[in-house]
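Written out below as structure tokens is the structure these notes cover.
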Amino acid sequence: MSALPIVFWPDARLAQACAPVGEEDHEALVRDMFDTMYAAKGRGLAAPQVGVMRRLFVMDIGWKDGDPSPEAFLDPVITVRETRVESIEEGCLSLPGLMVPVERPVAVTLAWRDARGDMHMRDFDGFEARCIQHEIDHLDGRVTLDHLGETDRADMLAGYEAP
Ligand code: ZN
């Protein structure tokens, strides 16, 4: 059990696309990522945020409300995106203190492998759909700021200082 150091923007690793997990051993990493996410009081964490460039994220949207639902998503793929979009402010453990409005589809269908190797496909909406899209952005080398136009991005960054 150990929390890993979090990679903060503008670290170059947050702008790189990740490689598939494939058959690589990931058990210890998944455990450490949950430890890191809970220690940082987050509800989602992607591997590149701890410097591991693999397509893997963990999510537990209910733990802060006493309703834990820890899930690990390996090599996740969004197969369907709802056409209706919504703009909501998102925080990010790699961008502490910044709340960035991001427009995203309100629902998605996701295919992934869990930590035991079982395949899943399921529809998500609400906060889960948003969190999943946010984490998959990380796997593609994208952060919330990358959704903004130049002016909004500059305004947002005026108040930002990496820890
Ligand atoms: Zn993030």
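The values are calculated or read from the model by the stated rules, or taken from the named source; none is laboratory data. Values in this document were obtained by computation on a predicted structure and should not be read as measured data. With ideal geometry, Cβ positions are generated from the backbone for all residues, glycine too; neighbour counts draw on all protein chains shown. Each accessible area value is taken on the protein alone, full model and side chains, heavy atoms only, with ligands, DNA and RNA left out. Shrake-Rupley method; radii C 1.70, N 1.55, O 1.52, S 1.80 Å.
Summary of values
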{"quantity": "Rounded to the nearest 20 debye, dipole of the stretch 21-157 from Cβ charges on Lys, Arg, Asp, Glu", "calculated": "20"}
{"quantity": "Sparse-neighbourhood loop sites, trypsin sites (Lys or Arg not before Pro) in the stretch 92-127 - DSSP loop, at most 16 other Cβ within 10 angstrom", "calculated": "ARG116"}
{"quantity": "Residue order for VAL85, VAL50 - accessible surface, 1.4 angstrom probe, largest first", "calculated": "VAL85, VAL50"}
{"quantity": "Top of LEU110, LEU56, LEU148 by mean-square fluctuation, Gaussian network on the chain, Cα under 10 Å", "calculated": "LEU148"}
{"quantity": "The chain: most fluctuating residue of ALA28, ALA15, ALA40 per GNM, C-alpha cutoff 10 Å", "calculated": "ALA28"}
{"quantity": "Exposure of THR83 as accessible area (Å², to 10), given a probe of 1.4 Å and all protein chains", "calculated": "130"}
{"quantity": "Relative contact order of the chain, pairs being alpha-carbon contacts under 8 Å that are 6 or more residues apart, as %", "calculated": "24"}
{"quantity": "Residue-level accessible surface for SER87, protein heavy atoms, 1.4 Å, Å²", "calculated": "70"}
